Amino acid sequence: MTRVNLALLVLIGCVAALPWFGGAYALRLGTIACMYAILALSWNVVGGFAGYPSFATAAFFGFGAYATGVLLSDGLPLSLAIAATLTASLLLAVLLGVVLLRLRGHYFAIASLSLVEVLRELVNNATDLTGGGMGLNIPLASGSGILADATFFFFAMWGLLLATALMVIAVSSSKLGFGLACIRQNETAASMVGLNCTLYKSIAFGLSAGFVGAAGGLYAAWVHYIDPSDVFDILYSVKPIVMALMGGLGSPLGVVCGAFLYLGLEEVVWRNYIQIHSGVLGVLIVMLLLLLPHGLISLRPGMLRRKPKHV
Amino acid sequence: MLVAQVLVNALVLGCLYACIAIGFSLVWGVLNVINLIHGSFIVLGAYLAWGLYQSLAIPPWYALLVAAPLFFVFGYLLQRSLLNRVIAAPVLVTLTLTFGLDLILNNAMIYFFKADYRKLSLHPSMGSVSLFDVVVPVDRLIATASALALTGLLYLVLRRLRVGRAIVAVRLDRDAAVLMGVDVKSIYAIAFGFGAALAGCAGVLMALIFPISPLTSSTYLGKAFVVCVLGGLGSVSGALAGGLLLALVEGVGSTLIGPAHATTLSFALLIVFLIARPQGLLGRKGFE
């Protein structure tokens, strides 16, 4: 376990102390912070480690939300529904990955973008199962009071974040992580020395999608109502990328810091400039890419052993 | 007769789709940048046409003459000042940058024009022509003819003019173009300006037919994606082929299995094409 990974776990551990310091608002913010961190960490497996510009996060987030929503409506308990969602997203992504990950660069980016569109339209049109454009109401899990409910979902999301972080750490220190780094640097060469690139990329894609799907499922159970344009919002694909770029591509600690910082900025902007919030987000993205292309973690490269990696 | 009507509709719509996609294809081909602002440029062009007609009663076909230089300058400056700084960066960076720029432009349009749907309705309305049982509104015919004319104009510029040949040279081989004395930076900016001008003009034409709202920009962008991939990057004829194919698939698809599934069908086709034939129907390396 490297020092950076330890720092990551300590940071996540600190977040768990939140319920003792804040009220319902802090809990809500904390839940979203954990969710964003899960999305960013998961994206980082494909986008940071393997260097594939995936815009499919929203597709699996929405898929997970609807899978859990439908399962909960059928009366399944939450834990079982989330586990099933995680498995289903993982399998779906591995299968799609075998096909889609043959594409590179722009073509992969466009294919993953259109995956979001296809899934959204499918959900929109499968009115019997998903409610279509009317959205899906999800039954309340318990009746134990608002604050207890909020605390429960905060810890559920936090637990999922911890699991995601452990997954990312395991990947980065395993043969899989090494293989992904090889693919990022030179895929043709990696394939020449006998690396099964398609398999490695598909596993990475699957792992990334599984946790995103589970996060989508928890989100659905938490907010009790989802509709296609909400959970298949393309911003769910872009935000993790911005967080990762903000924190430092390829570094799990940087990515999580980026997610928290992004949420802070987003809250400030939402609260003060609701009319122009997406414009401000755009300005932020442009400034970030032009002025700080390697992220926060590149500000003090000497302090951390792992240097930020190029895209 | 239904078959004939579907085919004619596809032909009319297909030329418009080609016009939407052609600037996008030019920028993607020459600069190797997926220009996500394209959809918002189109909507902005539509607002320009709407504004000119509402305030000065200038009909949209004259608005083209205003839109083209205006958008060219806008695109040129945008490329020179911002995009040029990251032009050599990986896909992720350029894509995210244009996404950020799109957020800014789209939010600005929502702020100034509101998200309401508006419609440019000509007075008096132009009616429609019918041949046997096939009916086509005249304004649609004008838009289609203008779209074809714009497409042809780009073809001529790339084929005949010095600057067009330079654009093609940069697309074919950047380094060789530099050695031949082409100023690549300004060619990039000019190509982006052309892309923006074509998007603005496409928007003016769209205003004749479709309702205008900032929220429609992602639809236009999606069409541009699909057309580029279907037809293949790198040629004007590819964009035309892609546009016609997309319009045909959508038309036939919505007649057979219902309009709700048309979008799903076109994106599914996109993914199939990406995997099976990434160079598209008529794709090749050069741009004309």
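Just so it is clear, none of the values below were taken in a lab; they were calculated from the coordinates. As the structure is a prediction and not an experimental result, all values here were calculated from the model. Ideal geometry is used to build each Cβ from the backbone, glycine not excepted, and the neighbour counts take in all protein chains shown.
Details
- Pairwise alpha-carbon distances in segment B:107-165 exceed 20 Å for 59% of all pairs.
- Per residue, the convex hull spanned by the Cα atoms of segment B:182-288 amounts to 123 cubic angstrom.
- Ranked list, fewest to most other Cβ atoms within 10 Å of each Cβ, for B:Asp173, B:Asp139, B:Asp133: B:Asp133, B:Asp173, B:Asp139
- The alpha carbon convex hull volume per residue for segment B:1-105 rounds to 140 Å³.
- Considering only A:Pro77, A:Pro228, A:Pro293, the Gaussian network model of chain A with Cα springs below 10 Å gives its largest mean-square fluctuation to A:Pro77.
- Ascending count of other beta-carbon atoms within 10 Å, so fewest first, for A:Ile241, A:Ile274: A:Ile274, A:Ile241
- Its Kirkwood hydrodynamic radius, worked out from the mean inverse distance over all distinct Cα pairs, puts segment B:173-218 at 12.9 Å.
- Within straight-line cross-link reach of B:Lys185, aspartates and glutamates at Cα separation under 20 Å, skipping those fewer than 8 residues along the same chain: B:Asp173, B:Asp175
- Kirkwood estimate for segment B:1-42, i.e. one over the average of 1/r between Cα atoms, Å: 11.8 Å
- Sequence-separation-based contact order of segment A:3-234, relative, with Cα cut under 8 Å and 6+ spacing, percent: 42 percent
- In terms of overall dimensions, the protein assembly as shown has a Cα radius of gyration and Dmax of 24.6, 78 angstrom.
- Ellipsoid fit via the Cα gyration tensor, segment A:1-74: semi-axes of 25, 23, 10 Å, each the root of five times an eigenvalue, largest first.
- Within 10 Å of each Cβ in A:270-281, the average number of Cβ atoms from other chains: 3
- Compactness index (Cα Rg / 2.2 N^0.38 Å), chain B: 0.98
- Neighbour-count ranking [beta-carbon atoms within 10 angstrom, fewest first] of A:Ser144, B:Ser213: A:Ser144, B:Ser213
- Cα-based Rg of segment A:22-150 normalised by 2.2 N^0.38 Å, two decimals: 1.20
- By the compact-protein rule of thumb, 2.2 N^0.38 Å, the alpha-carbon radius of gyration of segment A:3-234 corresponds to a ratio of 1.04.
- Reach of B:Lys223 by Cα under 16 Å, taken over aspartates and glutamates that are not fewer than 8 positions away in the same chain: A:Glu117, A:Glu121, B:Glu250
- Set of aspartates and glutamates with alpha-carbon distance to A:Lys175 below 16 Å, sequence-local pairs under 8 removed: A:Glu187
- Percentage, to the nearest whole number, of Cα pairs in segment A:112-203 over 20 Å apart: 67 percent
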